Amino acid sequence: MRSPKALKLKMSPTIRAMLMKSLQDYTIVTRPDDNGTFVAYVPAIPGCHAWGQTSDEARAELVYVFEMIQEEYAEQGRSLPGDVELVIANAS
């Protein structure tokens, strides 16, 4: 009989993605961009950013970007990183 450590659970990318975190588990930053648009991004996840004509549009686009990144991580057998804590400060 195999020891429990020797058993590996094989999950499809779809199931693995379902077990991963959701966008609501992360801090989302939305700010005006230089060209009059808005950018929304997740500081904890490299490459997870989207633009829109309004703040709401940028956040809506971010949902699609997050889903693509989540799928990519699942296909690679990786877990999404944990969230980060942001410190907001004015330059003095």
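The values are calculated or read from the model by the stated rules, or taken from the named source; none is laboratory data. As the structure is a prediction and not an experimental result, all values here were calculated from the model. Cβ coordinates were reconstructed from backbone atoms using ideal geometry, including for glycine residues, and neighbour counts include every protein chain displayed.
The single condition among (1) at pLDDT 95 or above; (2) touching a helix residue (DSSP H, G or I) at 6+ places or on another chain (Cβ under 9 Å); (3) surrounded by fewer than 17 Cβ atoms within 10 Å (Cβ to Cβ) that residue 40 does not meet is (3).
Only one of the numbered conditions (1) surrounded by 15 or more Cβ atoms within 10 Å (Cβ to Cβ); (2) modelled with pLDDT under 95; (3) not in a loop (DSSP other than H, G, I, E, B) is violated by residue 15, and that is (1).
The residue list 71, 85 contains one member that is out of contact with any His (no Cβ under 6 Å at 6 or more places or on another chain), surrounded by fewer than 18 Cβ atoms within 10 Å (Cβ to Cβ) and in a helix (DSSP H, G or I), which is 71.
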